[in-house]
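A.B. asks: First the structure, which I've put down as structure tokens, then a few questions once you've had a look.
The values are calculated or read from the model by the stated rules, or taken from the named source; none is laboratory data. Predicted model, so just to flag it, every value in this text is computed and none were measured. For neighbour counting, all protein chains shown are included, and Cβ atoms are generated from backbone atoms with ideal geometry for every residue, glycine included. Accessible surface is based on the protein model in full, side chains and every heavy atom, while ligands, DNA and RNA are left aside. Shrake-Rupley method; radii C 1.70, N 1.55, O 1.52, S 1.80 Å.
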Amino acid sequence: MATGPKETARGESGDKKSTPRYVLPTIPTTAQLQEAIQRLTPVEAQQACRHRVLPIAWEPGATRYVASGERAKAYATAQGLTVSAVTNERTLLRELQRGRENELLHHATSGLKDRFPQHSAAQGFTADQALWLVFGLGVIAFAAMWDRPTGEVAAFATVLALFALMGALNIWCLLPAKLPQTPPANAVPDDVLPVYTVLVPLAREAKLAERIVQVLSALDYPKPKLDIKLVLEESDRATVKVFEDMRLPFHFEVIVVPKRAPETRHKALNYALSFARGDLLAVYHADDMPPADQLRRIAGAFALAPKTVACLQAKLGYYNRAENWLTRQVAIEQAFRFGLLFPRLARFGAPLLFAGAASHYRVQALRQVGGFDAHNLAPDSGLSMRFARFGFRTALVPTLTRGEAPCRLSDWLSQRVRNIKGTLQTALVNTRTPLRMWRDLGSRNFLITQALTGGAIINALLQPFFLVWIVAAFTLEAVGRPMAGRLWLFLLALYGLVAIFAGLAALASSIRASLFLGRGFSWAVALITLPAYWLMISLATWIAVLQFFAKKRRWTKTAHGVSRIKPQMTASTAVPETKPAPAPKPPAAPVALPEAKLNPAK
């Protein structure tokens, strides 16, 4: 039977023979585990969370460890650690979460804020930003009172310039941008492949549990080097019970995140990041269905890429894209982003804004920049911008992950409002130090990111007003009461020209994007009715901005598994069955990305 601790201090040694601190049991009790956990140093705590190996007994000149599971024992052997006790994996995880709860939750919610407060969205407006906002509004009000016509023309010209910039961005996306091909799945031998952690944050997904496990189990990667973590919320008892009752493979693990504000996906990811043991890390959503060989291909791409490439983003698509009008609109938008916009951004080293799902990271770089932002509602929590400002790069790889497009208006609206609030948060974070951001990104990438964040929000907010203005102008003209002054007629004509240019550019890019999806009458109708979808985006933007300033910034859940089109699984690919693809051409040599200079942490 195990005895209690003796009086000898930890690590004590000397000429006199000291008594061991423990008479070591083969299986330690929970009380002994908790005592050992409370004595852990920060480095030992990291080792315990990631590899489930922790010191439990100290003798003169030697430290003995407890390990949970075969992988933990293999790690201890590789590190030259003496394992004298073993315990159940679930037991040790539970005790680590209980004994280190405050530290783990603080890191998950405030780790980025503590290390890099200027990059955290925990605070909306800073004092400097609020001061500049008040100053700008005062200048506008003074200009309107001093010389109203001149002020109106200046404001109008500014808005037209923004519309023209968005149109030019759409034209720019039509230019070709070839992606480097990913290496073949067998490019890196199994014994050289790094450990790969897969994080899957889940909330109220009990009905999809079996499909999620089936998709993840089909990933073709050496199981001893695969570390899949299902990240659940403590308050979601139904989902927790379903997964705890399942017989999961040995490389699966359930991480239950304690309840504490903010209850966001990124807080859950941050919490689980403390337990990640991999060198590479992938984030998938509940509805994501990656091809079976995606991890192998991306591991090979990371092996060829410079160390400054911190993130590889897989392309995203939808298996239910043809379900109804709304899913077609969402699919066209997604195809534009991943088929036209992101390849152009990746070619010039610009951040791939707001991807979030099917993202693959170097864990060391992810931890270096502070992990995920628990307070940012953007799909990627603003991480791509932070990588760029720290000197890292994000690249796009042509491997497709399919998911479920929102097929109901309520689901689409809640998701879009949440994402726009995240876009606004990211824009505010990156305008705290605009000159430094200009230096970090360079002139071209600075302007692109401003257009895709703040510019996109302003554009969506103003579109309805300009539409009403045009309708009113033509209505008054038709009834014989034209708008007074030639200046307004000139402005109306000028706006008409810019609107036609921007609209045609957006339509051309959407048509080009739709060619990736399908053809037929239904897709033609979707393209013709794109302006209606743009007005829906404007409505969502107004709701998001009003909720943001009302401090309604909670995470809204997107329902999954509601589509009438169910993905057909195959044992080998774990993706929906589609039409047979033509025989692939011989792969070209992968293009290594150029080195980027690493900036010191801001």
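A.B. asks: On the accessible surface of region 26-70, probed at 1.4 Å, how many percent belong to carbon and sulfur atoms?
C.D. replies: Looking at region 26-70 in its full context, I get 53 percent from C and S.
A.B. asks: Where Lys and Arg each count +1 and Asp and Glu each count -1, what net charge lies around L33 among other residues with Cβ under 13 Å from its Cβ?
C.D. replies: That works out to +3.
A.B. asks: Over region 304-366, what percent of the accessible surface lies on carbon and sulfur atoms, probe 1.4 Å?
C.D. replies: 51 percent
A.B. asks: Over region 239-317, what number does the Rg to Rh ratio reach, with both radii from the alpha-carbon atoms and Rh per Kirkwood?
C.D. replies: Values: Rg = 15.1 Å, Rh = 15.3 Å.
For region 239-317, the value is 0.99.
A.B. asks: Could I ask something else about it? Please give the length that would be gained between L461 and T126 if that part of the chain were fully extended, namely 0.36 nm times their separation in residues minus their C-alpha to C-alpha distance (nm, one decimal).
C.D. replies: Length difference between fully extended and current span is 118.3 nm.
A.B. asks: Jot down the per residue volume, in cubic angstrom and as a whole number, of the convex hull over the alpha-carbon atoms of region 161-262.
C.D. replies: Hull volume over Cα atoms, normalised by residue count, gives 198 Å³.
A.B. asks: From the gyration tensor of the Cα coordinates in region 175-333, what semi-axes in whole Å does the equivalent ellipsoid have, largest first, with each one equal to sqrt(5λ)?
C.D. replies: On the way: eigenvalues 141, 100, 49 Å².
Sorted largest first and rounded, they come to 27, 22, 16 Å.
A.B. asks: Further, regarding this structure: Taking every Cα atom in region 87-223, find the radius of gyration and the maximum pairwise distance Dmax, and write them in Å.
C.D. replies: 26.9, 78
A.B. asks: Note down the net charge around Q450, summing +1 for each Lys or Arg and -1 for each Asp or Glu among other residues with Cβ under 15 Å from its Cβ.
C.D. replies: +4
A.B. asks: Of all accessible surface on region 163-264 at a 1.4 Å probe, what whole percent is carbon and sulfur?
C.D. replies: Working: 2710 of 4640 Å².
Its accessible area is 58 percent carbon and sulfur atoms.
A.B. asks: How large is the Rg to Rh ratio of region 236-285 when both quantities use alpha carbon positions and Rh follows Kirkwood?
C.D. replies: Rg/Rh for region 236-285 comes to 0.97.
A.B. asks: Counting only heavy atoms of protein chains, what accessible area per residue, in Å², does region 222-324 have with a probe of 1.4 Å?
C.D. replies: 32 Å²
A.B. asks: On a 22 Å Cα-Cα criterion, which of the cross-link pairs K207/K566; K241/K557; K223/K315; K229/K557; K421/K566; K225/K259 come out too long?
C.D. replies: K223/K315; K421/K566; K225/K259
A.B. asks: At q = 0.21 Å⁻¹, what base-10 log of I(q)/I(0) does the Debye formula yield for region 239-384 when every alpha carbon is treated as an equal point scatterer in vacuo?
C.D. replies: -1.53
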